[in-house]
Amino acid sequence: MNSLPKYFDPETLARISPLGLRALTLVEGLVAGKHRSPLRGQSLEFSQHREYVPGDDLRQVDWKVFARSDKHYVRQYEDETNLTAMLLLDVSESMDYRSNANGLSKLEYAQLIACSLGYLVTSQQDSIGLATFSASIENWLRPGSSPAQLEDMIRLMEQPRSRVLKSNLPNVLQQCQDRLNKPNLIIVLSDLLDDVDKTLRSFELLNLAGHDLLVLHLLDPWELTFPFDQTAEFDGLEEIPGILIDPLTIGGAYRRAMQEFCQQIELGCRKRDADYYRMTTEQSLAVSLPNVLSQRSLRRR
C-alpha cells in the first residue's frame, strides 16, 4: 500500500491535464490497492445464493447449505444483486475554487471521486449513472454496468458547461427523483453552498421515496480555515459581486459561520438517514476515499 499515494496525491494528479489520464491513473491505484466497494443496498429481501469469495462478510455465509453441500455459499439480497447508483456532480462556478494553484479544484477532485466510484461499481457488475448540474440537470447518463460506462462518464464530464453558474441543488434533486423509476443509491458530490433548509428538505423527500443517499461534502481547506491576513478584494462566485474585506475583522465570524453551516448539514443528513462525509481537496484520495467507503460499510452493517 505504500506505493498508492502517488496515484491519489492531489498535486500529482493536478499535473496530469486530461481527465481521462487522471482517471486511468486513479483506477490503476484502485486496482493495486484491491479495494472492494461497500456500495450496496439495504434491502433484507432474500434473492439467491452465490459461492463465497475472499472478502465476503462471513456473517452472510449460509451454514445450513454448507452442512448439506460442504461448500461455502453466501446469501444475496435483492438490492445487492441489482444495485443502481446515480452520481450527481455539481459543476456550478463555486466548484472551480482552488486555494493551491498546484492542486485540484473542488470540481476536479469531485470528478476523480466520480471516476473511482464508477470503476468500483461497474467492476462488481452493478449499474452506475451520472448527472452534472448547476441550477438544473445539464447532462444525464443513464445507469449502466458495461465496461464502457466509465468511458462514457468521463466523456460526459469533459463536456463544456452551460453559462448558468449558480447552483440549485433542491431543484436538481427533484428533477433527479422525477427521472428515477425505482429506489437508487444517490451520491451527491457538491460543496452544498445552497439554501440549507431547502436542501435538507429535498434529502428528506428522497429518503421518503426509498432512495439511499450518500452525501460527499467537498470543500477547499481554505474555505474552512480562512487563513487570510491582509485587506483585499475577494471575487464573488455564482453571480455574487466582489467585495473589499479586512480578513482580521471578519475572520472569526466567518469561521464560526462555516462551522455552523457544516454542522447543520451533517446533523440534517443524519436525521434523514443519509450518509454524510466532508472531504477537503488537499487530502490524498488514497486516504479519504477508502475512509469514506469503510465508514459507510461499518454503518450499514
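Mind running the shape call on region 175-293? Use the C-alpha gyration tensor, a ≥ b ≥ c as the square roots of the eigenvalues: rounded below 1.5 for a/c, prolate if a/b tops b/c, oblate otherwise. List each step's numbers first, then the result.
Working: a/c = 2.38, a/b = 1.81, b/c = 1.31.
In terms of gyration-tensor shape, prolate.
The order of HIS72, HIS211, going from fewest to most other C-beta atoms within 10 Å of their C-beta, is HIS72, HIS211. Its Cα gyration tensor gives region 70-205 an equivalent ellipsoid, and the semi-axes of that ellipsoid, as √(5λ) in whole Å with the largest first, are 28, 19, 14.
Once the Cβ-Cβ distance of ALA209 and ARG270 is raised to the sixth power relative to R0 = 22 Å, the FRET efficiency obtained is 0.75.
Whole-percent P(r), region 65-148, all Cα pairs, 10 Å bins from 0: 15, 33, 25, 14, 7, 4, 0.
Read-outs: derived from the displayed coordinates by stated rules, not from any lab. Note that the structure is a prediction, hence the values are computed from the model and not measured. Every residue, glycine among them, receives a Cβ derived from its backbone with ideal geometry; neighbour counts consider all protein chains shown.
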